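One structure is given here, and the rest of the page talks about it.
The values are calculated or read from the model by the stated rules, or taken from the named source; none is laboratory data. Owing to the predicted nature of the structure, the values given are computational and were not obtained by experimental measurement. For neighbour counting, all protein chains shown are included, and Cβ atoms are generated from backbone atoms with ideal geometry for every residue, glycine included. Please note that ligands, DNA and RNA were not included when accessible areas were found on the heavy atoms of the full protein model with its side chains. Shrake-Rupley method; radii C 1.70, N 1.55, O 1.52, S 1.80 Å.
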Amino acid sequence: MSWGTELWDQFDNLEKHTQWGIDILEKYIKFVKERTEIELSYAKQLRNLSKKYQPKKNSKEEEEYKYTSCKAFISTLNEMNDYAGQHEVISENMASQIIVDLARYVQELKQERKSNFHDGRKAQQHIETCWKQLESSKRRFERDCKEADRAQQYFEKMDADINVTKADVEKARQQAQIRHQMAEDSKADYSSILQKFNHEQHEYYHTHIPNIFQKIQEMEERRIVRMGESMKTYAEVDRQVIPIIGKCLDGIVKAAESIDQKNDSQLVIEAYKSGFEPPGDIEFEDYTQPMKRTVSDNSLSNSRGEGKPDLKFGGKSKGKLWPFIKKNKGATPEDFSNLPPEQRRKKLQQKVDELNKEIQKEMDQRDAITKMKDVYLKNPQMGDPASLDHKLAEVSQNIEKLRLETQKFEAWLAEVEGRLPARNEQARRQSGLYDSQNPPTVNNCAQDRESPDGSYTEEQNQESEVKVLATDFDDEFDDEEPLPAIGTCKALYTFEGQNEGTISVVEGETLYVIEEDKGDGWTRIRRNEDEEGYVPTSYVEVCLDKNAKGAKTYI
């Protein structure tokens with residue numbers, strides 16, 4: 001089956017067919033390109049959808065996502081984000097493996113097709129030229145033969161006429177001979193050109209055209225194979241992401257299976273539990289005895305009449321109708337006294353934890369400044385130690401304020417948890433009257449609160465605070481005993497320790513870490529019992545021993 005033998009006379013149709021094949025290939029490329037655009041658009045919409053329903057940071061909505069069902073929903077949104085990423089992968093792979101490859105191949109195919117049909121047209125033009133030469137020699141031979149016949153007839157006529165002179169007869173005879181010779185020459189030329197044309201025609205139909213058409217056939221078959229391979233690639237690109245998409249779907253199923261309705265119910269209890277006992281039975285008021293009628297402590301009128309109900313924590317709140325008390329819609333008191341006991345305890349505990357974190361942060365900053373001041377004292381060329389005194393005093397003052405604030409909230413927390421004796425009713429009323437007239441501030445709140453032994457004052461606390469600070473400050477410079485190693489480090493670069501307090505290290509050297517970087521960019525290391533000092537933290541790779549005393553683990 002060869003186009004050269006079967007379709008030897010279908011040059012124009014083959015030209016149209018091969019052009020159609022290239023058009024089909026370009027149409028397929030356009031189809032894949034539109035598919036990639038759809039995949040990108042779909043992935044973008046999925047990402048936007050996932051982002052739209054993500055909880056906003058530092059909002060009430062984020063707090064609601066502590067429930068397992070909401071956590072599962074967050075996991076679903078994250079998995080959908082990964083799912084969208086796989087559609088982006090599909091788009092990228094189709095563009096790189098199909099569109100770019102086929103676009104380059106189409107250009108090569110067009111060039112090859114143009115070259116083959118150019119050769120075919122040259123062969124056609126050559127055979128047409130040979131045919132024209134044959135026709136021309138044939139017409140010339142025919143004309144010369146007719147002229148020779150007319151010259152012969154004229155000679156015979158002149159020779160038969162007795163009135164014609166001998167010279168005219170001889171002239172007619174010579175003319176006839178010339179014409180015959182010309183006819184013979186034309187015959188020989190025609191015969192030669194005919195043989196040449198037949199040879200060229202045979203070569204054209206049995207050699208040139210079959211070879212050219214065979215190349216065109218191979219070109220077209222390669223196009224068909226290439227298109228089939230592209231279709232396989234099209235399917236494989238989709239198939240490659242199926243396992244990852246399956247994992248995304250498995251993640252959604254796993255998240256759904258992690259939903260725990262009992263846990264969510266417990267979280268609701270923790271979120272809204274007031275800590276009060278249900279109201280007791282209301283006593284019967286006997287109106288048949290007017291003189292002895294008294295107002296019951298458990299009546300609704302009593303609960304409405306008093307400014308604040310007498311809420312006793314730890315025991316039964318006999319007859320107190322907490323659900324019917326209107327909530328105060330004004331500013332939230334600093335001690336969260338407007339909240340039920342359990343919710344108040346949680347808020348106070350949260351406030352204490354936040355203050356402790358701030359204290360730790362300030363202490364770390366104080367340690368860093370102290371360390372830097374020590375370095376400046378040992379190496380004056382690195383900086384002025386006195387320039388850090390103001391900052392150190394400011395940080396110490398902040399720590400003192402935060403600790404006072406923490407003790408205030410811890411006192412309130414202890415009162416809520418029953419660790420401190422509750423104040424009597426009269427004290428409560430006086431405190432409530434004072435608070436309504438004079439809004440509490442940070443300082444007087446600390447003074448109004450009593451310590452567990454009843455001897456708390458702000459002055460005592462400040463004095464003890466100064467003692468604690470002095471003790472901490474002295475401990476920073478107590479280097480009489482050698483510090484234990486808390487890990488090892490490897491020198492990443494060579495460091496020349498030319499200043500006092502520093503130590504030189506060589507790249508690749510392993511040493512012991514005896515003090516971590518406190519935020520000033522220096523780590524204290526030891527080579528042996530006599531050689532120790534500071535090196536820049538960025539010059540070493542630290543590996544801390546988790547079991548070492550004083551070692552911290554950073555995540």
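Averaging over every viewing direction, what projected area does the convex hull of the Cα atoms of segment 20-63 cover, in nm²?
Numbers: hull surface 11.7 nm².
Over all viewing directions, segment 20-63 projects a mean Cα-hull area of 2.9 nm².
Work out Dmax and Rg for segment 69-130 from the C-alpha atoms and quote the Rg first, both in angstrom.
26.3, 89
Based on the Cβ-Cβ distance of A167 and K110, what FRET efficiency does E = 1/(1 + (r/R0)^6) give at R0 = 56 Å, to the nearest 0.05?
Numbers: r = 76 Å, r/R0 = 1.35.
So, using R0 = 56 Å, E works out to roughly 0.15.
How high is the FRET efficiency from K66 to K27, r the C-beta distance, R0 45 Å, rounded to 0.05?
Numbers: r = 55 Å, r/R0 = 1.21.
Here the calculated transfer efficiency is 0.25.
In the neighborhood of H118, defined by Cβ-to-Cβ distances under 13 Å, what is the net charge if each Lys or Arg adds +1 and each Asp or Glu adds -1?
Numbers: positive: K110, R113, K114, R121, K122, K215; negative: E15, E112, D119.
Charge balance in the 13 Å sphere: +3.
What accessible area, in Å² to the nearest ten, does a 1.4 Å probe give for D250?
Accessible surface of D250 is approximately 100 Å².
Solvent-accessible area per residue for segment 1-49 at a 1.4 Å probe radius, Å²?
Working: 3310 Å² over 49 residues.
Value for segment 1-49: 68 Å² per residue.
Could you run the Karplus curve 6.51 cos²θ - 1.76 cosθ + 1.60 with θ = phi - 60° over segment 150-155 and give me ³J(HN,Hα) per residue in whole Hz, x for Gly and Pro?
5, 5, 5, 4, 5, 5
Among the listed pairs K16/K215; K273/K357; K401/K518; K357/K401, which have their C-alpha atoms separated by more than 25 angstrom in this model?
Values: K16/K215 16 Å; K273/K357 27 Å; K401/K518 23 Å; K357/K401 14 Å.
Beyond 25 Å between Cα atoms: K273/K357.
Would you mind checking the radius of gyration and Dmax of segment 1-138 based on alpha-carbon positions, in Å?
29.8, 105
Using only the alpha carbon atoms of segment 78-199, find the Kirkwood hydrodynamic radius as the inverse mean reciprocal pair distance, in angstroms to one decimal. Intermediate values should be presented prior to the final figure.
Working: mean 1/r = 0.0474 Å⁻¹.
The Cα-based Kirkwood calculation yields 21.1 Å.
Once R0 is set to 41 Å, what does the formula 1/(1 + (r/R0)^6) return for the Cβ-Cβ distance between K391 and K51, expressed as a FRET efficiency to the nearest 0.05? Working shown, then result.
Working: r = 42 Å, r/R0 = 1.02.
My answer for the efficiency is 0.45.
How long is the gain from N263 to E184 if the chain were fully straight, where each residue apart is worth 0.36 nm and the alpha carbon distance is subtracted?
16.5 nm
With Cβ to Cβ distances under 13 Å as the rule, what net charge do the other residues near T494 carry (K, R +1; D, E -1)? Don't skip to the answer; put the middle values down first.
Working: positive: K490; negative: E496, E507, E509.
Computed value for this residue: -2.
Go through H208, H87 and list them by solvent-accessible area, largest first, probe radius 1.4 Å.
On the way: H208 85, H87 20 Å².
Largest accessible area first, the residues go H208, H87.
Could you tell me the accessible area of S192 in Å² (1.4 Å probe, neighbours in place), rounded to the nearest ten?
Using a 1.4 Å probe on the heavy atoms, I get roughly 70 Å².
If you add up the charges near V225, with Lys and Arg at +1 and Asp and Glu at -1, over every other residue whose beta carbon is less than 15 angstrom from its beta carbon, what do you get? Before the final figure, lay out the partial values.
Numbers: positive: R222, R223, R226, K232; negative: D101, E108, E112, E218, E220, E221, E229.
Computed value for this residue: -3.
Could you run the Karplus curve 6.51 cos²θ - 1.76 cosθ + 1.60 with θ = phi - 60° over segment 5-19 and give me ³J(HN,Hα) per residue in whole Hz, x for Gly and Pro?
Ordered by residue, 3J(HN,Hα) equals 9, 7, 10, 4, 10, 10, 4, 5, 5, 5, 4, 5, 5, 5, 5 Hz.
Counting heavy atoms of the protein chains only and a 1.4 Å probe, report the per residue accessible area for segment 189-276 as a whole number of Å².
64 Å²
In cubic angstrom, how much convex hull volume per residue do the alpha carbon atoms of segment 342-411 span? Write out the running numbers ahead of the final one.
Values: hull volume 4.0 nm³, N = 70.
Looking at segment 342-411, the number lands at 58 Å³ per residue.
When the chain is fully extended, how far beyond the present Cα-Cα distance does Q214 get from K232, taking 0.36 nm per residue of separation? Each step should come with its number before you reach the end.
Values: separation 18, 0.36 × 18 = 6.48 nm, distance 2.71 nm.
Contour length minus the Cα-Cα distance gives 3.8 nm.
Using alpha-carbon pairs under 8 Å, 6+ residues apart, how would you state the relative contact order of segment 1-108 in percent? Don't skip to the answer; put the middle values down first.
Numbers: 55 pairs, mean separation 45.3, N = 108.
In percent, rounded to a whole number, it is 42.
So if each residue of separation counts as 0.36 nm, and I subtract the Cα-Cα distance between Y42 and E270, what length gain in nm does that give? Write down the numbers at each step before the final one.
Working: separation 228, 0.36 × 228 = 82.08 nm, distance 4.15 nm.
Gain on stretching Y42 to E270: 77.9 nm.
So how compact is segment 170-216: Cα radius of gyration and Dmax in angstrom?
19.8, 66
Which translational diffusion coefficient, to the nearest whole µm²/s, is obtained for segment 1-75 from the Stokes-Einstein equation, given a Kirkwood hydrodynamic radius over C-alpha pairs, 25 °C and 0.890 mPa s? Before the final figure, lay out the partial values.
On the way: Rh = 17.8 Å.
Translational diffusion coefficient: 138 µm²/s.
Would you work out what percent of the accessible area of segment 108-212, with all protein chains in place, is carbon or sulfur (probe 1.4 Å)? Provide the component values of the computation, followed by the final result.
Numbers: 3580 of 7420 Å².
Roughly 48 percent of what the probe reaches on segment 108-212 is carbon or sulfur.
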